[in-house]
1. If I filter the range 277-287 down to residues being part of a helix (DSSP H, G or I) and without any contact (Cβ under 8 Å) to a residue 60 or more places away in the chain, which single residue comes out as farthest from the chain's Cα centre (by Cα)?
2. Does residue 174 fit the bill of being under 24 Å from the mean Cα position of the chain (by Cα) and either in a helix (DSSP H, G or I) or on the phi > 0 side of the Ramachandran plot (or both)?
3. Being crowded, with 16+ Cβ neighbours inside 10 Å, part of a loop (DSSP other than H, G, I, E, B) and touching a strand residue (DSSP E or B) at 6+ places or on another chain (Cβ under 9 Å) is true for just one of 424, 438, 457. Which residue is that?
4. Sort out which residues of the range 229-245 are farther than 15 Å from residue 115 by Cα and buried (at least 17 other Cβ atoms within 10 Å of the Cβ), and write them in order of number.
5. If you scan the range 313-338, which residues turn out to be loosely packed, with under 14 Cβ neighbours inside 10 Å, in a loop (DSSP other than H, G, I, E, B) and out of contact with any helix residue (DSSP H, G or I) (no Cβ under 6 Å at 6 or more places or on another chain)?
6. Determine whether the range 349-356 contains at least one residue that is modelled with pLDDT under 95 and either farther than 26 Å from residue 63 by Cβ or assigned to a helix (DSSP H, G or I) (or both).
7. Being touching a residue at least 12 places away in the same chain (Cβ under 8 Å) and at positive phi narrows it down to one of 33, 44, 23, so name that one.
8. Report yes if residue 67 is part of a helix (DSSP H, G or I) and touching a helix residue (DSSP H, G or I) at 6+ places or on another chain (Cβ under 7 Å), otherwise no.
């Protein structure tokens with residue numbers, strides 16, 4: 001029942017979080033292209049600015065799964081998939097923490113962890129990596145207790161991970177730290193690491209995935225222009241929880257009778273450094289932080305919050321637990337609309353220009369080439385492939401110079417000359433992100449306004465009509 005109490009608000013929240021356009025729709029397009037072509041594209045077919053240029057799609061399996069799910073069940077099944085992955089991930093963390101602390105304490109920790117990391121629940125390939133990370137961590141903890149039979153989970157996890165998400169280096173970080181600083185049998189762990197590396201080569205690109213990994217980690221387009229690569233700042237309640245927890249943790253470690261092992265401290269320091277260097281790493285560190293916290297507060301947990309209950313009704317607990325796990329299904333898209341008039345939007349409309357794209361579909365006479373807000377690019381690529389984009393959220397696939405040009409044009413700097421040079425005849429702009437450019441275009445007699453709503457505005461070059 002306590003597990004269900006912890007998962008209930010998290011599952012409910014997972015159904016209510018809107019889907020931002022970034023890094024979702026272009027994965028659907030990739031999955032669709034793979035199915036139709038029978039192979040993974042090796043050159044860019046989504047943008048006209050990089051058309052025919054080599055491109056590397058490592059997350060091909062995630063793209064296929066997302067597209068299959070969307071094709072079979074649209075938004076309803078997509079949101080259900082996210083809820084399932086969130087439930088598995090945080091359910092595994094709950095069981096991990098129960099190794100040391102009582103059910104009530106662990107449930108409170110789980111809710112705090114879930115709420116503070118929910119900003120990482122976007123429908124992206126990394127959702128598949130979360131349970132794999134915990135599976136690897138479980139294997140390492142079992143190895144520390146001389147239960148080597150669970151080491152097979154490491155190469156199995158890598159085999160899946162390397163085809164799902166680019167963070168497949170993390171199990172090597174966990175296993176490498178265990179090999180050096182752990183107290184299990186190093187020979188067995190060494191064999192497991194070799195098996196992990198061999199498993200990492202079982203993918204359509206072979207050794208190329210490692211080249212891709214090092215390219216991404218050193219790609220300036222990502223760390224200069226993508227917010228998730230920036231160091232975290234103490235802005236917003238979720239980051240408030242993160243930094244508060246981080247500051248309190250050393251105090252807990254100092255006063256607790258339970259002590260972290262050398263390996264646990266190495267993981268704390270290593271993943272803590274990663275989290276402080278980039279927002280994208282925070283959630284992995286938070287998983288570890290919650291697990292380590294449950295170990296440190298175990299004695300206080302059993303002494304105060306988790307005193308034994310004299311009378312327990314297993315049947316009632318099971319019933320309540322099942323009800324709590326089932327209730328969030330009422331928030332599934334399609335069901336939710338039938339009883340909640342003001343239900344949250346399925347898609348984040350500020351980056352998902354649904355009506356504007358429908359307008360373009362109905363007005364194919366408007367000229368190409370298109371220049372677009374980068375966040376709109378992902379949705380355009382799936383819903384309107386007849387209009388290749390100039391740029392999109394695949395940060396790594398565009399050079400720094402192109403991103404800098406995008407920033408300059410968005411700020412209305414040299415935009416006329418740029419559009420003339422590039423042969424741009426159609427503008428698809430964001431009302432929220434590009435007000436300076438919109439104002440400049442409105443004041444020009446070269447561009448004709450074709451469409452406008454709360455989120456997007458479309459212009460065509462008057463002489464090209």
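The values are calculated or read from the model by the stated rules, or taken from the named source; none is laboratory data. What you see is a predicted model; the values in this text were computed from it and never measured. With ideal geometry, Cβ positions are generated from the backbone for all residues, glycine too; neighbour counts draw on all protein chains shown.
1. 277
2. Against the criterion (under 24 Å from the mean Cα position of the chain (by Cα) and either in a helix (DSSP H, G or I) or on the phi > 0 side of the Ramachandran plot (or both)), residue 174 qualifies.
3. Unique residue meeting the criteria: 424.
4. Residues satisfying the conditions are 229, 232.
5. If the condition is that a residue be loosely packed, with under 14 Cβ neighbours inside 10 Å, in a loop (DSSP other than H, G, I, E, B) and out of contact with any helix residue (DSSP H, G or I) (no Cβ under 6 Å at 6 or more places or on another chain), then 313 is the only one that fits.
6. no
7. Checking each option against the conditions leaves just 23.
8. Here the answer is yes, as residue 67 does meet what is asked.
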